[in-house]
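Please read through the structure below; I'll follow up with questions.
The values are calculated or read from the model by the stated rules, or taken from the named source; none is laboratory data. Just so we're clear, the structure is a prediction, and the values are computed from it rather than from any experiment. All Cβ positions, glycine included, derive from the backbone under ideal geometry; neighbour counts span all protein chains shown.
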Amino acid sequence: MSWQAVVLTLFPDMFPGPLGSSLAGRALKDGIWSMQAHDLREHGLGRHRTVDDTPFGGGAGMVMRPDVLDTAIEAVTAEVVLPVVYLTPRGRRLEQSDARRFAAGPGIVLLCGRYEGVDERVLEARQVEQLSIGDYVLSGGEPAALVLLDACVRLLPGVMGSDDSATEESFSDGLLEYPHYTKPAEWQGRPVPPILLSGHHASIAAWRRTQSEDATRNRRPDLWAAHTSRSSSIPFQQQ
Ligand code: SAM
């Protein structure tokens, strides 16, 4: 049984989009995961298939109706139990641990908002998890759904070439990854750090660890604080 990505959207043509190429695209063709993008308008009301209405309390823009969204969610979850996620700037920030959690399950249903967003009651009634991909506002949830799906699909068994790719990269241990270098050994007067040419695997691992810690401490104090509070054996705590 392949991992199921189900998307509820007003723009089903946007899927699989970039996920139809490269590693994710090959995995899609190989049946490691499957994708269904459902048009929310199929559940719209009346001759115009209306999915939105004006906000109670006034204000600009339109809001997606709870009854329409509820029918759409019911249609895709009636026979299969999948977590339902609404992409929204009001949600908790998406993290690698979320991608790992969803990738370990049977799949996911993603609700993509448009306009001002969706009526709060359907999120409560359906216990929909709300996730944001960052502190900025997109015009719709579709690019956010693609981001979340990419993060999940690459973790599915058989998608990435080497299992080490996922265990060593940024966030796998709460730190940013170390910097990478390839040939030529010197480029535009910039040599590769000599340790990487030494062949001493333990020294290289130690250097990379220090680079990871430095990058995390300098660029992402929030991650560094979480990392040091989790670990009691971090040398930097003694500085
Ligand atoms: N009025 C909303 C607000 O201020 O929070 C923004 C609505 S936005 C124009 C339309 C849709 O784009 C949202 O319903 C959501 O699905 C999606 N969206 C926008 N920014 C997002 C983000 N940072 N993360 C996830 N989804 C986002």
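Is there a residue being closer than 20 Å to residue 132 by Cα, surrounded by 15 or more Cβ atoms within 10 Å (Cβ to Cβ), at pLDDT 95 or above and touching a strand residue (DSSP E or B) at 6+ places or on another chain (Cβ under 7 Å) anywhere in region 69-81?
Taking region 69-81 as the starting set, the residues that turn out to be closer than 20 Å to residue 132 by Cα are 69, 73.
Then keep just the ones that are surrounded by 15 or more Cβ atoms within 10 Å (Cβ to Cβ); that gives 69, 73.
Pick out the ones that are also at pLDDT 95 or above and you get 69, 73.
Next cut, touching a strand residue (DSSP E or B) at 6+ places or on another chain (Cβ under 7 Å) only: 69, 73.
Looking for residues that are closer than 20 Å to residue 132 by Cα, surrounded by 15 or more Cβ atoms within 10 Å (Cβ to Cβ), at pLDDT 95 or above and touching a strand residue (DSSP E or B) at 6+ places or on another chain (Cβ under 7 Å), one finds at least one in region 69-81, hence yes.
What helices (runs of 4 or more DSSP H), lying completely within region 98-180, carry at least 1 residues that are under 29 Å from residue 217 (Cβ atoms) and away from the ligand (no atom under 16 Å from the Cβ)? Please lay out each step first, then the result.
Working: elements: 120-125, 142-153, 163-168.
Helices (runs of 4 or more DSSP H) meeting the threshold: 163-168.
Can I ask one more? Among the residues of region 201-221, is there at least one that is in a loop (DSSP other than H, G, I, E, B) and over 29 Å from residue 156 (Cβ atoms)? Before you say what the answer is, go through the steps one by one.
First pass over region 201-221, keeping only residues in a loop (DSSP other than H, G, I, E, B): 220.
Retained after the next criterion (residues that are over 29 Å from residue 156 (Cβ atoms)): none.
Looking for residues that are in a loop (DSSP other than H, G, I, E, B) and over 29 Å from residue 156 (Cβ atoms), one finds none in region 201-221, hence no.
Still on this model: Out of region 75-97, which residues are within 15 Å of the ligand (Cβ to nearest atom) and either aliphatic (A, V, I, L, M) or more than 18 Å from residue 146 (Cβ to Cβ) (or both)?
84, 85, 87, 90, 92, 94
Taking only pairs six or more apart or across chains, which ones have beta-carbon atoms under 6 Å, a first residue in region 136-148 that is within 12 Å of residue 19 (Cβ to Cβ), and a second residue that is more than 8 Å from the ligand (Cβ to nearest atom) and part of a helix (DSSP H, G or I)?
Going by the 6 Å Cβ cut-off, the qualifying pairs are 142/14; 146/17.
Right, here's the next one. For residue 50, are the conditions met, namely being surrounded by 13 or more Cβ atoms within 10 Å (Cβ to Cβ) and out of contact with any helix residue (DSSP H, G or I) (no Cβ under 7 Å at 6 or more places or on another chain)?
Numbers: surrounded by 13 or more Cβ atoms within 10 Å (Cβ to Cβ): yes; out of contact with any helix residue (DSSP H, G or I) (no Cβ under 7 Å at 6 or more places or on another chain): yes.
Taking the combined requirement at face value, the residue satisfies it.
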